[in-house]
1. Please work out which one of (1) outside any loop (DSSP other than H, G, I, E, B); (2) without any contact (Cβ under 8 Å) to a residue 24 or more places away in the chain is the condition residue 158 fails and give its number.
2. On the basis of being within 13 Å of the ligand (Cβ to nearest atom), open to solvent by 30 Å² or more (accessible area, probe 1.4 Å) and over 17 Å from the mean Cα position of the chain (by Cα), does residue 217 make the cut?
3. Would you tally the residues in region 188-202 being more than 7 Å from the ligand (Cβ to nearest atom) and open to solvent by 10 Å² or more (accessible area, probe 1.4 Å)?
4. Consider residue 173 against the criteria (1) among the β-branched types (Val, Ile, Thr); (2) part of a strand (DSSP E or B); (3) within 12 Å of the ligand (Cβ to nearest atom): it satisfies all of them except one. Which criterion is unmet?
5. With the condition kept exactly as written, say whether any residue in region 174-181 is small (Gly, Ala, Ser), open to solvent by less than 10 Å² (accessible area, probe 1.4 Å) and either in contact with a Leu (Cβ under 8 Å, 6 or more places away or on another chain) or not assigned by TED's automatic domain parsing to the domain that holds residue 44 (or both).
6. For region 161-172, does any single residue satisfy the condition of being open to solvent by 80 Å² or more (accessible area, probe 1.4 Å), among the hydrophobic types (A, V, I, L, M, F, W, C) and modelled with pLDDT of 95 or more?
7. Strands (runs of 3 or more DSSP E) wholly in region 69-135 with at least 3 residues that are surrounded by 20 or more Cβ atoms within 10 Å (Cβ to Cβ) - which ones?
Amino acid sequence: MIRKRLVVLTGAGISAESGIRTFRDMGGLWEEYDVMEVASPEGWAKNPQLVLRFYNERRSQLKNAQPNLAHKTLAEEETNFIVHIITQNVDNLHERAGSSNVLHLHGELTKARSTVNDNSIKDIGYSEINWGDKCEKGFQLRPHIVWFGEAVPAMDEAIKLVRSAEIFAVVGTSLNVYPAAGLLDYVPKCCPIYLIDPNDVGVWRRDVTVIKEKASVGVPVMFEMIKK
Ligand code: NAD
């Protein structure tokens, strides 16, 4: 059997049923924190301890979260499709569900990097980063997260993947954060596009099959539709 290339762009919504809150939904993280205080270079310059505490809390929450049926189905379908996941999420639930090809656009909670050398990155698992924790060269460590206003180094690779898609899917993203949202522009014309979200998402392409469901329901439904 020839396996088709399925490229999936995921956002915070796919992890919502795993108990990790989205940013923009009701009850989302924005309500408790001012995003610019915790997810921007300016916020880091102003109060690095607050930024570290915010990500330490997210990391500790992630430790106890489990992949849900949406993550698991995407991993299981690797037997039928060549699945590439491009995620805006900083959690590791795709990897823990068993997905082999996961590209993180906005960084990873379980990694830390030097504040001076972007290429000095290390795995920290679920442990904290505290003020005074240094890289080998003696510079403060920061979360390996792409903050608002910072470049997205994985974009070129993501664009290549999207251009190569035979089927494209968008799961659980409000498509509000650029440049990630712009990836839809690179989907080849003849490639079917599925969008899974329980709420209305503004899409500018007409050729989109919308599955208005939560990810755990919508992802299996999408595979049924594709296989028909
Ligand atoms: P977003 O909060 O802007 O949008 C979430 C989308 O998910 C919404 O459209 C919402 O309707 C939908 N949604 C809610 N519950 C859902 C469910 N059960 N199934 C499917 N969809 C559901 O998130 P975003 O578009 O990913 O952008 C926000 C930024 O926040 C990203 O850059 C991301 O890095 C970051 N973030 C990451 C995590 C994480 O790693 N899990 C969590 C929160 C925020």
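The values are calculated or read from the model by the stated rules, or taken from the named source; none is laboratory data. What you are looking at is a predicted structure, and each value in this text was computed from that prediction instead of being measured. A quick note on method: Cβ atoms are made from the backbone with ideal geometry, for glycine too, and the neighbour counts reach across all protein chains shown. Side chains are part of the model used for accessible areas, which takes the heavy atoms of the whole protein and leaves out ligands, DNA and RNA. Shrake-Rupley method; radii C 1.70, N 1.55, O 1.52, S 1.80 Å.
1. (2)
2. Spelling it out, residue 217 is indeed within 13 Å of the ligand (Cβ to nearest atom), open to solvent by 30 Å² or more (accessible area, probe 1.4 Å) and over 17 Å from the mean Cα position of the chain (by Cα).
3. So the count comes out to 7.
4. (2)
5. Yes, region 174-181 has at least one match.
6. So far as region 161-172 goes, no, none of its residues is open to solvent by 80 Å² or more (accessible area, probe 1.4 Å), among the hydrophobic types (A, V, I, L, M, F, W, C) and modelled with pLDDT of 95 or more.
7. By residue number, 81-87, 107-114.
Matching residues to (1) farther than 28 Å from residue 77 by Cα; (2) among the hydroxyl-bearing types (Ser, Thr, Tyr):
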site: 120; (1), (2): yes, yes
site: 124; (1), (2): yes, no
site: 128; (1), (2): yes, no
site: 139; (1), (2): yes, no
site: 146; (1), (2): yes, no
site: 151; (1), (2): yes, no
site: 167; (1), (2): no, no
site: 178; (1), (2): yes, yes
site: 190; (1), (2): no, no
